[in-house]
Amino acid sequence: MEQTEALIKSIVKGIQEKKGSQIVIADLSGIDGAICRNFVVCQGNSPTQVEAIADSIRDVAREEQHEKPVRVVGLENAQWVVMDYTDVMVHVFLPDVRVYYGLEHLWEDAPLTQIPDLD
């Protein structure tokens, strides 16, 4: 569990380094049938920023935790990028795509932690 928490901290750091915003962490560990332990959801304001956030997450997680994503999907159009770290799934959205899918609300039983935006 400590390893997962350390990975989440590195992921959040990677998001914040590229000014990603509205970070939410959903704890899915208590939900039967969940595909992972945690979702980390955030957004960037343009496809370029979404891609930069994903790159930063990958770099920081590799440097600090020696973790690489099992799979990354969505970089082609960078509207919704999903990074699979097995126990942690990271979702980087454009704002309108995030609102449309409402991913955080699909797991209403999960405790949500909101990380304040950096100035």
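The values are calculated or read from the model by the stated rules, or taken from the named source; none is laboratory data. The shown structure was predicted, so the numbers you read here are calculated from the model rather than taken from an experiment. Don't worry about glycine lacking a Cβ; one is built from the backbone with ideal geometry, like all the others, and counts go over all protein chains shown. Quick note on the areas: whole protein, heavy atoms, side chains included, nothing else; ligands and nucleic acids left out. Shrake-Rupley method; radii C 1.70, N 1.55, O 1.52, S 1.80 Å.
State the percentage of accessible surface on the chain attributable to carbon and sulfur atoms; use a 1.4 Å probe and exclude ligands, DNA and RNA.
Numbers: 3270 of 6840 Å².
In the chain, the share of accessible area belonging to carbon and sulfur is 48 percent.
Accessible area per residue of region 1-88 at 1.4 Å probe, in Å²?
Details: 4630 Å² over 88 residues.
About 53 Å² of surface per residue is accessible.
Restricting to DSSP loop positions (anything but H, G, I, E, B) with no more than 16 other Cβ atoms inside 10 Å of their own Cβ, which GluC sites (Glu not before Pro) remain in region 22-119? Kindly include the intermediate steps, with their values, before the conclusion.
Details: sites: Glu51, Glu63, Glu64, Glu67, Glu76, Glu104, Glu108; in loops: Glu67, Glu76, Glu108.
Passing both the DSSP loop test and the Cβ count: Glu76, Glu108.
Putting +1 on Lys and Arg Cβ atoms and -1 on Asp and Glu Cβ atoms, find which of Ala26, Gln16, Val41 reaches farthest to the positive end of the dipole of the chain.
Projecting each Cα onto the dipole axis, the largest value belongs to Gln16.
Report the paramagnetic label zone for Ser46: residues of region 90-114 whose backbone N is under 16 Å from a point 7 Å from Cα along the Cα-to-Cβ axis.
Counting only backbone N, you get 94-96.
Between Ala6 and Asp84, with labels modelled 7 Å along Cα→Cβ, what's the label distance in nm to one decimal, could you check?
2.4
For the chain, what are Rg and Dmax over the alpha carbons, in angstrom?
Spelled out, the Cα radius of gyration and Dmax of the chain are 13.0, 37 Å.
Taking the Cα centre of the chain as the origin, how large is its charge dipole in debye, to the nearest 20, when only Lys and Arg (+1) and Asp and Glu (-1) carry charge on their Cβ atoms?
Numbers: 10 positive and 20 negative charges, 52 e Å.
That gives the chain a dipole magnitude of about 240 debye.
Can you say what percent of the DSSP beta bridges in the chain, counting only those with both residues inside, are antiparallel? Round to 5. Please list the in-between numbers first.
Numbers: 17 of 23 bridges.
Once the DSSP bridges in the chain are tallied, antiparallel ones form about 75 percent.
How much accessible surface does Lys13 have with a 1.4 Å probe, in Å² rounded to 10?
Lys13 has an accessible surface of roughly 90 Å² with all protein chains in place.
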